[in-house]
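A.B. asks: Got a structure here, written out as structure tokens. Questions coming.
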Amino acid sequence: MSGDASGAAPRGIQALSTAAEAQAAGAALTVLDLSGVQSRADLMDRLTRDLKLPDYFGRNWDALYDLLSDDGRMPPTVLHLLGWEEFRAEHPQLAAQLQSTFEDAQEALAGAGVPLWVLA
């Protein structure tokens, strides 16, 4: 879980204390509220709503990755996962898939010089 606003690309889900550093770097704050998510369909609904994904979002991991890793669509972003610990405890497989998708998108965006901080 390395990466900060000082130069290294963000990687993985980081402590919420990183938000101030990321916002100082000009990143926009987006909150993904995971509270009450009970299924993959619920999660995809939340992602669509909270990340303001387009109507053509395919509601699957590959489609989420494609949208998140599109450096033309994604400005530098701070994504705050509200309720992450509870979500991860209740839905470990979904949480692992979501985290993996975020990490893959972070890696792709880093290559284009666009940071994506994922904070919990």
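A.B. asks: Any idea which residue in the stretch 1-29 is modelled with the highest pLDDT, counting only those that are polar (S, T, N, Q) and under 15 Å from residue 106 (Cα atoms)?
C.D. replies: Per the criteria, the residue is 14.
A.B. asks: Now for a different question. Sort out which residues of the stretch 96-118 are buried (at least 21 other Cβ atoms within 10 Å of the Cβ) and closer than 13 Å to residue 34 by Cβ, and write them in order of number.
C.D. replies: 98, 102, 118 - these are the residues of the stretch 96-118 that are buried (at least 21 other Cβ atoms within 10 Å of the Cβ) and closer than 13 Å to residue 34 by Cβ.
A.B. asks: In the stretch 82-93, which residues are in a helix (DSSP H, G or I) and surrounded by fewer than 18 Cβ atoms within 10 Å (Cβ to Cβ)?
C.D. replies: 85, 86, 89, 90, 92, 93
A.B. asks: Among the residues of the stretch 45-65, is there at least one that is at pLDDT below 80, surrounded by 14 or more Cβ atoms within 10 Å (Cβ to Cβ) and under 20 Å from residue 114 (Cβ atoms)?
C.D. replies: Among the residues of the stretch 45-65, not one is at pLDDT below 80, surrounded by 14 or more Cβ atoms within 10 Å (Cβ to Cβ) and under 20 Å from residue 114 (Cβ atoms), which makes the answer no.
The values are calculated or read from the model by the stated rules, or taken from the named source; none is laboratory data. Owing to the predicted nature of the structure, the values given are computational and were not obtained by experimental measurement. Cβ sites come from the backbone with ideal geometry, for glycine too, and all protein chains shown count toward neighbours.
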